[in-house]
Amino acid sequence: MMVVKIDKLDENTKNETIVVKILSLTEKETKSEKGEGVYHYGLIGDETGTMPYTAWALPATIRQGDVVELRNFSVKKYNDSLRLYLDTRTDVILRPEDKMDVKRVYKEYKIKNLTLKDQYVTVSGKITDVIEKKYEKDGQQKDVSYCSLEDDTGSIRLSLFEVKIKPDKFYKLEGLRVSEFKGRLRLSGGDRTKILEIKAFEIPERKIFSIFEVTGPVDSITLTGFVVYLGEKGGLVRRCSECRKSTDDIKCPDHPDAEMFLDLYAYFTLEDGTGDIPCTAGRTPLMDILNIKDEDLNLTKPKYSKNDIITKIEEALMPGPLVFTGDASSGSNGISFRVRKIQKISEPELRLYSQLPGDEIL
């Protein structure tokens, strides 16, 4: 019996046999006109490399870490990468006596180019905002470090389990896992993650994007342009301190005993000549650009009415070019931008930042 290796697979692979180790195994439910079901996906590997897989049918006895023999599988391209597919015609044979050392190959990414396409990756950057905590697993106290990883294209939240790392140092991290939470990508690593301190490289204060470049989730980037649409339901809003939901009622319907407070909120469309993107801005960036203080938002005696705030937002956001720093996230309606800082800017500066060709911005 001829056994093929992962590094020899291509889109034309048919009727082959392969022996691999199940490196990860995730179950997902599906719903369709034919009813409900489940499928599995994850990463497999052998001595020559790793590959993502999708299993439309998989024996219930298979577990992560098992070595299995696969017969009659298929290989297709998905999101520009090869992926192995198992279905009802595939024979999955457990080989409990086999041991396998997997050659892990991790593609290196810039933060702005990270996607869920590759489950494990290599990323280099500067570690900041380190917070060390304890968590319990299997009855034992373990360490976890929450931090930010930043390069010259953006930043991303990073969790490191049972790994110590120094803030404000530059590292190359091999074997980080990519995941998504509420439309934003996250990285995580553990004791198998290879961490190498590297020479510092330049990270610009503003990582400036044209809107057409924002094709996926990325944190801490800067967009420049004009606000071309301002949502009608923004402005001065009452919120519940418990659930943070806005309401026009005196009390929160779900938390009647919770205190209420006044908040600022705006949603708008930003355009820069290369595209447009829906944006939201909350209390902190709006207070700065509107020159409003906390005491001005006193619930019992606010300094400004709702109409006053709407007028101030229009006057601050609509007339001219602005700089917006924040985080891009992915949702059911595509990419949106959560603003953390708004700054005024002159047209000559806007031309410089947006790096658009020609003399006209829009």
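Starting from residues that are under 18 Å from the mean Cα position of the chain (by Cα) and of a type in the set (A, V, I, L, M, F, W, C), keep the ones in segment 75-133 and report whichever is farthest from W56 (Cα to Cα). First the steps, then the outcome.
Filtering segment 75-133 for residues under 18 Å from the mean Cα position of the chain (by Cα) gives 79, 107-129.
Add one more test, that the residue is of a type in the set (A, V, I, L, M, F, W, C), and what stays is 111, 114, 116, 121, 123, 127.
Values: I111: 31, L114: 26, L116: 19, V121: 25, V123: 31, I127: 39 Å.
Ranking the candidates gives I127 first.
Among the candidates K21, K28, the residue that is more than 20 Å from R71 (Cβ to Cβ), in the same structural domain as V67 (by TED's automatic domain parsing) and either free of Cβ contacts under 8 Å to residues at least 40 places away in the same chain or not small (G, A, S) (or both) is uniquely K28.
Regarding E136, is this residue over 30 Å from Y78 (Cβ atoms), of a type in the set (D, E) and part of a strand (DSSP E or B)? Show your work before the answer.
Values: over 30 Å from Y78 (Cβ atoms): yes; of a type in the set (D, E): yes; part of a strand (DSSP E or B): yes.
Answer is yes for this residue.
Among the conditions (1) in contact with a strand residue (DSSP E or B) (Cβ under 6 Å, 6 or more places away or on another chain); (2) within 30 Å of R177 (Cα to Cα); (3) without any contact (Cβ under 8 Å) to a residue 24 or more places away in the chain, the only one that E205 does not satisfy is (1).
Just name the residue that is farthest from the chain's Cα centre (by Cα) out of those in segment 269-305 that are under 13 Å from V237 (Cα atoms) and loosely packed, with under 13 Cβ neighbours inside 10 Å. Ranking the candidates gives S305 first. Can you find, within segment 80-97, the residue that is surrounded by the most Cβ atoms within 10 Å (Cβ to Cβ) among those that are among the polar types (S, T, N, Q) and either within 14 Å of T17 (Cβ to Cβ) or touching an Asp or Glu at 6+ places or on another chain (Cβ under 9 Å) (or both)? Filtering first and then ranking leaves T90. Among the numbered conditions (1) in a loop (DSSP other than H, G, I, E, B); (2) touching an Asp or Glu at 6+ places or on another chain (Cβ under 8 Å); (3) of a type in the set (A, V, I, L, M); (4) surrounded by 18 or more Cβ atoms within 10 Å (Cβ to Cβ), the only one that M100 does not meet is (4). Among the residues of segment 29-45, at least one is under 29 Å from E174 (Cβ atoms), more than 25 Å from the chain's Cα centre (by Cα) and surrounded by 14 or more Cβ atoms within 10 Å (Cβ to Cβ).
Every condition in (1) touching a strand residue (DSSP E or B) at 6+ places or on another chain (Cβ under 8 Å); (2) surrounded by fewer than 19 Cβ atoms within 10 Å (Cβ to Cβ); (3) in contact (Cβ under 8 Å) with a residue 12 or more places away in the chain holds for I211 except the one numbered (2).
The values are calculated or read from the model by the stated rules, or taken from the named source; none is laboratory data. Since we're looking at a predicted model, the values are computed, not measured. Positions of Cβ are generated from backbone atoms using ideal geometry, with glycine treated the same way; all protein chains shown enter the neighbour counts.
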